[in-house]
Amino acid sequence: MAEFILGVGQHKTVFEVMALATEQLQRVEGQPRKVAARSDTAEIEATRADFEGEFDSYILRLRDADSLGTALEGVLSEYQDVLSRSEEDGWHVVQFSRAGDGAARAADAVARLGRDVPLPEIWRVHGEDYRVDRISAELLFQAMLQYKASDVHLSPGQSPVFRVDNEIRTSELLGALSATQIRTLIRDVASDADWKEFTESMQASFNYHQVGLGYSRVSCFVKLGAPHCTFRFLPEVVPSFEDLSIPGDTMVALAKQHHGLILVTGMTGSGKSTTVAALVDWINSNKACHILTIENPVEYVHKNKKAVVSQRSTGTDVATFFDAVTGALRHDPDVIVIGEMRDPDTIRSAISAAATGHLVISTLHSNTASEVVNRIVSFFDPVERDLIKLQLRDCLRCVICQRLVPKTGGGRIPALEVMVNDIKPINASIIAGDTDGIRIGMQQTVSHSFLFESYLFGLYKQGKISLENARTYTTDQSVLDQMVMGTYSVPRLESIKTARAEGSH
C-alpha cells in the first residue's frame, strides 16, 4: 500500500496521531484494520478486530536515548498494570491495549507519555489489512434498479453513493469500501484493453453489460493515488418517447427526416443520450435503413429491427470521432449518430455529412436551443465562421434542448425547448449569428418551435411540476410569470427590428 507523509504538529498523543493517520488513510484507501506510523525516532502500530471503531492494541517503539529511559521509567512504574515494556535492537518497545477494564488507565498512561516523551511532528503512515471481499456488480445493478438511481459512485472509505432524482444518497448496502475492492471491481468489469488504458492513463471509460439487468457506462479514474469508479445505469430496453414523457409527435416528425442535422443539447446529466437513443430506436423500428453510431463508449445497445444498426466505439473500433465520421460515408449509412460534437474537425465532418444527404443526429452541451448556433461557430477560427453559419442555415433541421425538472410526487420529467429551422426569420438569424433573433423567431406561431417557458408553463398547468420548480428551471422568469398571469404577448419581429434600428443611431 502507498505511504503518506503526515504532519501532525507538536504535543500530539499516540491516540491523536493514530486518529489523524486513520482519517487520512480512510479518505484515500479505505478503512484498515492496522495502521503504522514511523519516523526516525518513533514508530506506532495500532490494530483492531474490525474495519471500524477504536483500535484495540498498540505498540509504541521509541529510539533509545539517555533521557528517554528515565522518562519511560517514571511512566511505567505508575502504569505497570496496563503497560508492558521490552527492548529490541536499540528501541524501547511499549505495548498496551485500549480494550477491557484497563482502557481508561491506558488512556491516562498515553496522555502521560505524551507529556513526558515528546513525539515527532512528521510521520510516514501506511495502512494494512483492508477489505478485500469482491464487490458484486450484480448487486450494484439490482440496487440501482431498486433505488431508481441513474448512477452509483464508488470511493475508498465510503459506502456506495447513488444519484437518485439528481440527489446524492448514501447507502449502507456494502459498507465502506477499500481501494483494493474498487480496483478489483474495475479489473473484473474492464476488458484487457480498457484495463491497460486505466493503468497507463489513470482513467478510462467503457461499457459493461449485466445480463438481465442493464448496461452501464463505467468511468474510472485515480484521485490521490486511489481508484474511484462510477456506473451510469442504462436499461437493456431502450425507452420510448412515451416512457420518457417527451412529445411523441415532435420526435416522430424529426425521426422521419431523411437528411439534415438534428442536435440534442443540454447540460451534463440532462438525458441527452437517452433522448438520442429513443430517436434511434424509433428509426430502427420503422425505417428500413442503415444506422451507424459513433460513441465513446457505446452506451445504449440497439438490436437490428427493421433497420441495420452498426455501433462503433472510439478507441476500440476506430481511433477518433473524426476518423469515424469521415470514414462513415464509405459505409453506406442513411443515419449517422455521433455521440458528441466535441471538436472542429468532428463538427465540420458532421455538417458535411448532413449536407450530402444523410440524417445526422448528435449531442452538444448547451443551456438553450437558441444559443447552439453561436456555440458551434465558436469552435472555429474567425475566417471560417461565415461559412459554418451558411452551412448550418442549409442543413440544420432542429435543435432540442432539455432539462430534467423535479416532478410532483417524486421523480423527474424532461422540459424541452425546440428550435425548428422552418421559417425565414430563424433561417436569417442563423446566418447572422443572432441568438436573440433565433429566440424571437422560435416564438412565432408559424414555426413549430417552442421555448422552455411555454413548455414549463404547460407542465405546470397539467399539475406535473410545481410553479416554484417551473420558475427555477426557466430561462427567463419574467416571461414565465407573464404566461402564468395571462399577460404575455409574443414579440413581433417588426417591432424588434425597429427597436434595433433606433438603437443603432
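The values are calculated or read from the model by the stated rules, or taken from the named source; none is laboratory data. What you see is a predicted model; the values in this text were computed from it and never measured. Neighbour counts are summed over all protein chains in view; Cβ atoms, including those assigned to glycine, are modelled from backbone coordinates with ideal geometry.
Quick one: which of GLU340, GLU295 is surrounded by fewer than 19 Cβ atoms within 10 Å (Cβ to Cβ), in the same structural domain as ASP281 (by TED's automatic domain parsing) and of a type in the set (D, E, K, R)? Quick ask: steps written out before the conclusion?
Values: GLU295 fails: surrounded by fewer than 19 Cβ atoms within 10 Å (Cβ to Cβ).
Residue meeting the stated conditions: GLU340.
Hey, does the stretch 148-160 have a residue that's β-branched (Val, Ile, Thr), crowded, with 16+ Cβ neighbours inside 10 Å and under 30 Å from PRO406 (Cβ atoms)? Within the stretch 148-160 (the criterion being β-branched (Val, Ile, Thr), crowded, with 16+ Cβ neighbours inside 10 Å and under 30 Å from PRO406 (Cβ atoms)), the answer is yes, since at least one residue qualifies.
Do the conditions hold for ARG393, that is, is it closer than 19 Å to THR346 by Cβ and either out of contact with any helix residue (DSSP H, G or I) (no Cβ under 7 Å at 6 or more places or on another chain) or surrounded by fewer than 23 Cβ atoms within 10 Å (Cβ to Cβ) (or both)? Reasoning before the result, please.
Details: closer than 19 Å to THR346 by Cβ: no; either out of contact with any helix residue (DSSP H, G or I) (no Cβ under 7 Å at 6 or more places or on another chain) or surrounded by fewer than 23 Cβ atoms within 10 Å (Cβ to Cβ) (or both): yes.
So ARG393 fails the test.
Mind checking whether some residue in the stretch 452-461 is in a loop (DSSP other than H, G, I, E, B), closer than 18 Å to VAL418 by Cβ, without any contact (Cβ under 8 Å) to a residue 24 or more places away in the chain and within 33 Å of the chain's Cα centre (by Cα)? No: the stretch 452-461 contains no residue that is in a loop (DSSP other than H, G, I, E, B), closer than 18 Å to VAL418 by Cβ, without any contact (Cβ under 8 Å) to a residue 24 or more places away in the chain and within 33 Å of the chain's Cα centre (by Cα). Only one of the listed residues (ALA143, ALA137) is surrounded by fewer than 21 Cβ atoms within 10 Å (Cβ to Cβ) and within 25 Å of LEU224 (Cα to Cα). That residue is ALA137.
Just to be sure, is SER39 among the polar types (S, T, N, Q), more than 14 Å from GLU3 (Cα to Cα) and either modelled with pLDDT of 90 or more or not assigned by TED's automatic domain parsing to the domain that holds GLY225 (or both)? Lay out the reasoning, then the answer.
Values: among the polar types (S, T, N, Q): yes; more than 14 Å from GLU3 (Cα to Cα): no; either modelled with pLDDT of 90 or more or not assigned by TED's automatic domain parsing to the domain that holds GLY225 (or both): yes.
Against the criterion (among the polar types (S, T, N, Q), more than 14 Å from GLU3 (Cα to Cα) and either modelled with pLDDT of 90 or more or not assigned by TED's automatic domain parsing to the domain that holds GLY225 (or both)), SER39 does not qualify.
With respect to the conditions (1) within 21 Å of ALA354 (Cβ to Cβ); (2) among the small types (Gly, Ala, Ser); (3) touching a residue at least 12 places away in the same chain (Cβ under 8 Å), GLY410 lacks only one, and its number is (1).
Scanning the stretch 405-424 for residues that are more than 17 Å from ARG471 (Cβ to Cβ), touching a Ser or Thr at 6+ places or on another chain (Cβ under 7 Å) and crowded, with 19+ Cβ neighbours inside 10 Å yields a count of 4. Of the residues ALA99, ALA103, ALA36, ALA46, the single one that is crowded, with 19+ Cβ neighbours inside 10 Å, of a type in the set (Gly, Ala, Ser) and either over 30 Å from GLN158 (Cβ atoms) or in contact with a Ser or Thr (Cβ under 9 Å, 6 or more places away or on another chain) (or both) is ALA46. When GLY441 is tested against (1) touching a residue at least 40 places away in the same chain (Cβ under 8 Å); (2) buried (at least 17 other Cβ atoms within 10 Å of the Cβ); (3) of a type outside the set (A, V, I, L, M); (4) under 21 Å from ASP165 (Cβ atoms), just one condition goes unmet, and that condition is (4). The residues of the stretch 192-216 that are touching a residue at least 60 places away in the same chain (Cβ under 8 Å), outside any strand (DSSP E or B) and buried (at least 17 other Cβ atoms within 10 Å of the Cβ), listed by number, are GLU197, LEU213.
Let's see how each residue does on (1) of a type in the set (Asp, Glu); (2) part of a loop (DSSP other than H, G, I, E, B); (3) at pLDDT below 85; (4) over 25 Å from ARG232 (Cα atoms):
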{"site": "SER285", "(1), (2), (3), (4)": "no, no, no, yes"}
{"site": "ILE291", "(1), (2), (3), (4)": "no, no, no, no"}
{"site": "ILE294", "(1), (2), (3), (4)": "no, no, no, no"}
{"site": "LYS303", "(1), (2), (3), (4)": "no, yes, no, no"}
{"site": "LYS306", "(1), (2), (3), (4)": "no, yes, no, yes"}
{"site": "VAL309", "(1), (2), (3), (4)": "no, no, no, no"}
{"site": "ARG312", "(1), (2), (3), (4)": "no, no, no, no"}
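Highlighted here are the helices (runs of 4 or more DSSP H) found entirely within the stretch 102-191 that include at least 2 residues which are of a type outside the set (A, V, I, L, M, F, W, C) and within 24 Å of GLN203 (Cα to Cα): 179-189.
Just a yes or no: is a residue in the stretch 396-404 surrounded by fewer than 18 Cβ atoms within 10 Å (Cβ to Cβ), in contact (Cβ under 8 Å) with a residue 24 or more places away in the chain and out of contact with any Leu (no Cβ under 8 Å at 6 or more places or on another chain)? Checked against the condition, which is being surrounded by fewer than 18 Cβ atoms within 10 Å (Cβ to Cβ), in contact (Cβ under 8 Å) with a residue 24 or more places away in the chain and out of contact with any Leu (no Cβ under 8 Å at 6 or more places or on another chain), the stretch 396-404 yields no hits at all. Here is the figure for the stretch 272-329: residues that are touching a Phe, Trp or Tyr at 6+ places or on another chain (Cβ under 9 Å), among the hydrophobic types (A, V, I, L, M, F, W, C) and over 28 Å from ARG403 (Cβ atoms) total 0.
From the list VAL94, VAL75, VAL17, which one is surrounded by 16 or more Cβ atoms within 10 Å (Cβ to Cβ), outside any helix (DSSP H, G or I), on the phi < 0 side of the Ramachandran plot and not assigned by TED's automatic domain parsing to the domain that holds PRO156? Before the answer, list the steps.
Numbers: VAL75 fails: outside any helix (DSSP H, G or I); VAL17 fails: outside any helix (DSSP H, G or I).
When all the criteria are applied, what remains is VAL94.
Residues that are part of a strand (DSSP E or B) and either without any contact (Cβ under 8 Å) to a residue 60 or more places away in the chain or within 8 Å of GLY127 (Cα to Cα) (or both) within the stretch 20-43 comprise LYS34, VAL35, ALA36, GLU43, listed in sequence order.
On the stretch given as the stretch 369-389, residues that are closer than 18 Å to THR346 by Cβ and surrounded by fewer than 16 Cβ atoms within 10 Å (Cβ to Cβ) total 4.
Determine which member of the set ASP281, ASP343 is touching a Pro at 6+ places or on another chain (Cβ under 9 Å) and of a type in the set (D, E, K, R). Let's see the steps before the verdict.
Numbers: ASP343 fails: touching a Pro at 6+ places or on another chain (Cβ under 9 Å).
Criteria check complete, one pass: ASP281.
With respect to (1) aliphatic (A, V, I, L, M); (2) assigned to a loop (DSSP other than H, G, I, E, B); (3) under 20 Å from the mean Cα position of the chain (by Cα), the lone exception for VAL264 is condition (2).
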